[in-house]
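Shown next, in C-alpha cells, is the structure this report addresses.
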Amino acid sequence: MSERAVSYPELRRPGRRALLAVALAAVTSVAFVPTAAAAGPAGDRPARPGGGVDLSRTDGRATPASIGGVADRGRAGGAPDMAEAIAEQRGISRAAAEKLISIENANVRLANRLTTELGASSGGAYLSDGNLVVTVTDAAAAAKVTAAGAKARLVARGERQLQSIQRALEAAASEPDTTWGVDPQTNQVVVSLPASGAKNAVQRSAARRFGSAVRFETSTGRIQPNVGISSGDAMGGCSVGFTATDYTFNYIITAGHCTQGFPHWTLPNGQDVGPTLESHYPENDFGLIWMNGPSVWATGTINLWNNTSRSIHGWATAVSGLSVCNSGRTTGFRCGSVLKTNVTVNGAGGTVRQMIETNICTLGGDSGGPLFATNTGYGLNSHANRNGSQCNSSPRTWHQPVGEAITTYQVVIYGAP
C-alpha cells in the first residue's frame, strides 16, 4: 500500500457517521507518549510505544532518525503568508510586517532566557512593536536586561508575586466565563468577569485587599471549548495540532478535550491512523494519538488553508505582544497577537490553567489546531469567547502551551531542518 501524507483530511472515530472530524488542519509533528489517560472508556490502555527521544535537547527541535516517509511538502523558511496576514490585521505595509516578524522571532527567545535567569526579580516580559521590554523589580536586574540588548522597566511587583495574587483570587467562588491572568505591561492581575453574575461581588471583595495590583474587565460571550457539533451526532469536530516523534514512533498532539473518550482514529476513507494514548483535560488541555496506521505518515507542516503549508521546526514559550497565527478546520488561517500568558479560564467544560490568550477569532471545530509564528509552535487551540457559531467583536481565544505537552510526553516537534 502506498504511503499517504497526513496533511488536512478529517480524522474520525470508526463506526459513527459524521463524527469528531479531527481535520488535520495542522499537521506538524506527531509525537505521543502514553501514560494513564485522564478520561475515556474503561479498560486496558495502549502501552507506551517507547522510543529514544533526546531529553537533553532544549530548543524544541528534532532531526528524526529511522523515521520512514519523512518529506516536507510545505514552504520552509520565511513567512510571506504570515506577513500578509499580519500586515492586513495591523494596518501596516508588507515590508513592515516582515521586519516586525523577524524582530519578534529573535526577541521571544531572548525573553524566555532573561525571565528564567532573573527569577523573582522579573515582572514578566512583553513585546512592543517588536521590541522586547522586560519588567524588573531592582536595578541589578535592570542592568542585566540592558546588557542583553533589551529594554528594562522597573515595576513594583514581580511576576511570582502577581501569580500568587492570581492563585488567591482563584480560591474565591467563581463562575463560568471568568478568567484571571497576569498583564506584564500594567504589572497587574487582570480579572475578566461576565457583565452580570451572582458571584461577581465575591470576586471583587476578594480582590480589594490587593489594591491596585488587580484590575477588572468585563467579558463578552460564552467561553466554550472549540468543538464543533456534527449534524446528527452529539460529537465534536476538532483540528490536529502538531506532529511529534520520539525517534522511533510518530504521534499527533491535539486538544485533550478532543481525544477524551475517543479510543481510535481513522480517515474518512477508512485508512487507519491510530489509537488515543493520553488525554489531559480539564486543568490542562492536550492529548496524544499514536500514528501507527500502515499508510499514514507525518509531514511536519501546518495546513494554511490557502493551498500552502508551513514547516514547523520547534517550539518556544509565548510572550505578550507576539504576533501569532492559528490554523483550524472552521476558520482556516488567521493571525493576531498574544494578549496575556498563564491565564486561568473557567469555561463550560471546566477550568484550564496557564493558557495563552490571543485576539484571534476561532470557532467550533478549531480546537486542537496549532498556534504558531513563522516556523515555531506555541500552543494548541482550546477555548474561545463566542456566540454560537459567530465570533465576538472583540474575540478572545485561549491556547494550551504546546511545550507542556511535549515535555509531558517526552517527544520533540517532528521535522526539524
Answer yes or no: is there a residue in segment 219-233 that is open to solvent by 40 Å² or more (accessible area, probe 1.4 Å), at pLDDT 90 or above and of a type in the set (K, R). no
Residue, least open to solvent (accessible area, probe 1.4 Å), within segment 146-186, restricted to residues that are of a type outside the set (G, A, S) and over 25 Å from the mean Cα position of the chain (by Cα): V155
Among R310, R353, the single one that is buried (at least 22 other Cβ atoms within 10 Å of the Cβ), assigned to a strand (DSSP E or B) and either of a type in the set (D, E, K, R) or over 11 Å from the mean Cα position of the chain (by Cα) (or both) is R310
For segment 402-417, does any single residue satisfy the condition of being farther than 17 Å from G300 by Cβ and in a strand (DSSP E or B)? no
Subset of segment 313-335 (residues that are surrounded by fewer than 23 Cβ atoms within 10 Å (Cβ to Cβ) and assigned to a strand (DSSP E or B)): G314, G332, F333, R334
Here the qualifying pairs (Cβ atoms under 9 Å; residues six or more apart or on different chains; first in segment 362-375 and more than 21 Å from N107 (Cβ to Cβ); second acidic (D, E) and in a loop (DSSP other than H, G, I, E, B)) come out as S367/D285; G368/D285
Cβ pairs under 8 Å, 6+ apart or interchain, first in segment 382-396 and under 18 Å from G237 (Cα atoms) and charged (D, E, K, R), second in a strand (DSSP E or B) and open to solvent by 30 Å² or more (accessible area, probe 1.4 Å), ordered by first then second residue, are R386/R222; R386/Q224
Please pick out the residue among A85, A26, A37, A97 that is in contact with a strand residue (DSSP E or B) (Cβ under 6 Å, 6 or more places away or on another chain), open to solvent by less than 60 Å² (accessible area, probe 1.4 Å) and modelled with pLDDT of 50 or more. A85
Of all residues in segment 284-305, count the ones that are surrounded by fewer than 24 Cβ atoms within 10 Å (Cβ to Cβ), within 22 Å of N359 (Cα to Cα) and either in contact with a strand residue (DSSP E or B) (Cβ under 6 Å, 6 or more places away or on another chain) or without any contact (Cβ under 8 Å) to a residue 12 or more places away in the chain (or both). 2
Kindly indicate whether any position in segment 399-411 is modelled with pLDDT under 90 and open to solvent by less than 10 Å² (accessible area, probe 1.4 Å). no
Between a first residue in segment 333-345 that is at positive phi and a second residue that is basic (K, R), which pairs have beta carbons less than 9 Å apart while being 6 or more apart in sequence or on different chains? N342/R353
May I ask you to list pairs of residues, at least six apart or on different chains, whose Cβ atoms are under 7 Å apart, with the first in segment 170-199 being within 16 Å of N385 (Cα to Cα) and acidic (D, E) and the second being buried (at least 22 other Cβ atoms within 10 Å of the Cβ) and modelled with pLDDT under 90? D177/I223
Residue that is of a type in the set (A, V, I, L, M) and either touching a Phe, Trp or Tyr at 6+ places or on another chain (Cβ under 6 Å) or at pLDDT 95 or above (or both), where the choices are A195, A148, A172, A206: A148
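The values are calculated or read from the model by the stated rules, or taken from the named source; none is laboratory data. From a predicted model like this one, the values you see are computed outputs, not experimental measurements. Reconstructed Cβ throughout: ideal geometry from the backbone, glycine too, with neighbour counts over all protein chains shown. When the accessible area is computed, the model is the full protein with side chains, heavy atoms only, and any ligands, DNA or RNA have been set aside. Shrake-Rupley method; radii C 1.70, N 1.55, O 1.52, S 1.80 Å.
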